[in-house]
Amino acid sequence: MKAGLDENYWNNRYINNDFGWDVGEVSTPLKEYIDQLANHELRILIPGAGNAYEAEYLSNKGFKNVFVCDLAQEPLSNLKKRCPAIADSQLIHGNFFDLEQSFDLVLEQTFFCAINPTLRKSYFEKMHRILKPGGKLVGVMFDAPMNTDTPPFGGSAQEYETYFAGLFTKHTYEACHNSIKPRAGREIFVNLRRI
Ligand SMILES: C[S@@+](CC[C@H](N)C(=O)[O-])C[C@H]1O[C@@H](n2cnc3c(N)ncnc32)[C@H](O)[C@@H]1O
């Protein structure tokens, strides 16, 4: 690999305060998407959630069925302290690729770029398995060359399309207009509907 993108690797990055990807609050693209969701009953998953400000934001807005999944325990414990209203059963300490539950909506932010690029097709296949028919995968993905040996791994919108063809249709798949400043011009906003 890319070896060692495992639980220890990620947990140590949190313990050592080495988490430059963490924006400290719900990011603008995710916030603006969440703000137009009306159905508070949706089962929502945030995989590779880290400190999961989106989960906190959703919970504070009255969404009850918000699940986060992360290999690292440290950020899950941080979230629990900030947001005790989220039930322990909704804080999934484990591997996204092992999830067996199903969801209406998955929110993506800097998880896809953190996994080994060899797993990208599997990522979309797994999303297809855990989303209900008509369910959505929504969020931001980098559309820029980045690291090749360590996260964040870059890529292109064109490349990603080859992985989800036949599994998802595109509702929105375009340059992100409301990225946070350091990511401006390097992200696409994706809203993909599970076939
Ligand atoms: C770059 S961080 C992003 C965290 C968060 N989404 C954010 O934007 O702050 C990637 C996260 O994915 C988690 N992760 C990596 N591989 C994972 C996997 N296979 N299953 C679940 N979580 C994983 C890491 O522990 C880390 O918290």
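All of the numbers you see were taken from the coordinates with simple rules; none came from a lab. Model, not experiment: these values are computed from the prediction. Cβ: placed from backbone, ideal geometry, glycine included. Neighbour counts: every protein chain shown.
The table that follows gives values for the structure above.
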read-out	value
Those strands (runs of 3 or more DSSP E) lying entirely in the stretch 70-175 with at least 2 residues more than 17 Å from residue 7 (Cα to Cα)	103-109, 131-142, 168-175
In the stretch 45-87, residue nearest to residue 27 (Cα to Cα) [restricted to those that are of a type in the set (Val, Ile, Thr) and surrounded by 24 or more Cβ atoms within 10 Å (Cβ to Cβ)]	46
Filtered residues of the stretch 1-20 (kept if in contact (Cβ under 8 Å) with a residue 60 or more places away in the chain and either among the hydroxyl-bearing types (Ser, Thr, Tyr) or surrounded by fewer than 14 Cβ atoms within 10 Å (Cβ to Cβ) (or both))	1, 6, 14
Criterion (of a type in the set (Ser, Thr, Tyr) and more than 19 Å from residue 19 (Cβ to Cβ)) met by exactly one of 123, 53	123
Of the criteria (1) farther than 25 Å from residue 125 by Cβ; (2) among the hydroxyl-bearing types (Ser, Thr, Tyr); (3) touching a residue at least 40 places away in the same chain (Cβ under 8 Å), which one residue 33 fails	(1)
Residue among 105, 99 that is more than 27 Å from residue 145 (Cα to Cα), of a type outside the set (Ser, Thr, Tyr) and crowded, with 22+ Cβ neighbours inside 10 Å	105
Scan of the stretch 1-59 for residues that are in a loop (DSSP other than H, G, I, E, B), away from the ligand (no atom under 13 Å from the Cβ) and not polar (S, T, N, Q), ordered by number	3, 35, 37, 38, 40, 41, 42, 43
Count of residues meeting criterion [crowded, with 22+ Cβ neighbours inside 10 Å, within 10 Å of the ligand (Cβ to nearest atom) and more than 21 Å from residue 53 (Cβ to Cβ)] in the stretch 108-131	1
